[in-house]
Every structure is written in structure tokens, then in C-alpha cells.
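Scroll down for the structure; my scribbles are underneath it.
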Amino acid sequence: MKVVVGSPGTWSGLLLRIGQCAFAGASIGVMVSALGFSNYTAFCYLISSMGLQALWSLGLACVDIYALKIKRDLHNPMLISLFFVGDWVTAILSLAAACSSAAVTVLFTRDSDFCRMILQLSCGKFEISIALAFITWLLIAISSLVMFWLLASV
């Protein structure tokens, strides 16, 4: 099996997973600190999706750390299949959550002027959280494509 940048059990794979976990956690933190987020389903879905992503990435980062520590190769077809499915599921959920939250934010800021009328809404924090969610998705997409490449080379 080929060693690709970002593959499991490598330093680049570990950095990719840490980045996913960090940006997902930051997205959750910013959204939770915004007033009124819990009144909107899309924002709650974003928090749920980013929470799942943070847990998945943290778990795989721990696997990468363990593999690097004992110098073990993680290019087992069964493991790659598991990582492939998990990455693609979390990627789809994260993209759906980020897009739905972005749509609600565009509705609030541009279409209905909710943000100007209701000053208690933290629309700026909503936007920052969604931007962090899209960065998280970008890192997940990279990881998903790496897993697809590795699975195809089995």
C-alpha cells in the first residue's frame, strides 16, 4: 500500500486529525458562546455534527499517536475501510451542518435583517463558527480523499 501524505499512522495524518479536532472544537466553542443559538435547529445540528467530528478526529489522533509510538503500520485493509467509512460519514454530516447553518445566517443577515432588528442575536459569532466549520470540513475532505486513495490502492 502506498504511503500518502495524511495517511493513518504518519505525522501528517496526526496533524490533519489534530487540525480537524481543533477547528471543530473552536466552532463549537464560538457557537455556544453566542446568545440565542439554541433557538435554531440548524445551529444545534452544527454543534452536534462538530461534536461528532471532534470525537472521531480525537479518537483517530490517539490511534495515530499510538501507531507512531510503537512504529506500527496502519495500512491494514480492514482499518482503512473503517477509517474510510467514518471519514466520509462525518464529512457529509459536517458539510450538511455547515451549509444549513450558513443558509440560516444568510437569511438573518441579508434577507430578513434579523441581525439589525434583534440586537441580542450574535450574528458575528454565528458567522465565525460557520467559517470554522467549513475549515473543519475542508480538513475532513482532505482526509476522506486520502482514505479513498488508500482504499483504491489495496
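The values are calculated or read from the model by the stated rules, or taken from the named source; none is laboratory data. If you're wondering where the values come from, they're calculated on a predicted model, not measured in any experiment. Ideal geometry is used to build each Cβ from the backbone, glycine not excepted, and the neighbour counts take in all protein chains shown. SASA here: full protein model, heavy atoms, side chains in, ligands and nucleic acids out. Shrake-Rupley method; radii C 1.70, N 1.55, O 1.52, S 1.80 Å.
Below are the figures for this structure:
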{"quantity": "Potential extension, A131-V85 segment - 0.36 nm per residue separation minus Cα distance", "calculated": "14.1 nm"}
{"quantity": "Rounded to the nearest 20 debye, dipole of the chain from Cβ charges on Lys, Arg, Asp, Glu", "calculated": "320 debye"}
{"quantity": "Spacing of the two label points (7 Å from each Cα toward its C-beta) at K69 and W11, in nm", "calculated": "1.9 nm"}
{"quantity": "Where the stretch 96-150 is the region considered: accessible area per residue in Å², 1.4 Å probe", "calculated": "52 Å²"}
{"quantity": "Relative compactness, the stretch 11-152, computed as alpha-carbon Rg over 2.2 N^0.38 Å", "calculated": "1.17"}
{"quantity": "Solitary cysteines of the chain, where the nearest other Cys Cβ is not under 4.7 Å", "calculated": "C21, C44, C62, C99"}
{"quantity": "For the stretch 1-88, accessible area per residue (1.4 Å probe, heavy atoms of protein chains only), Å²", "calculated": "53 Å²"}
{"quantity": "Assigned charges on the beta-carbon of Lys, Arg, Asp, Glu; the stretch 65-154 dipole about Cα centre (debye)", "calculated": "300 debye"}
{"quantity": "Chymotrypsin sites (Phe, Trp or Tyr not before Pro) restricted to DSSP loop in the stretch 36-109 with at most 13 other C-beta within 10 Å", "calculated": "none"}
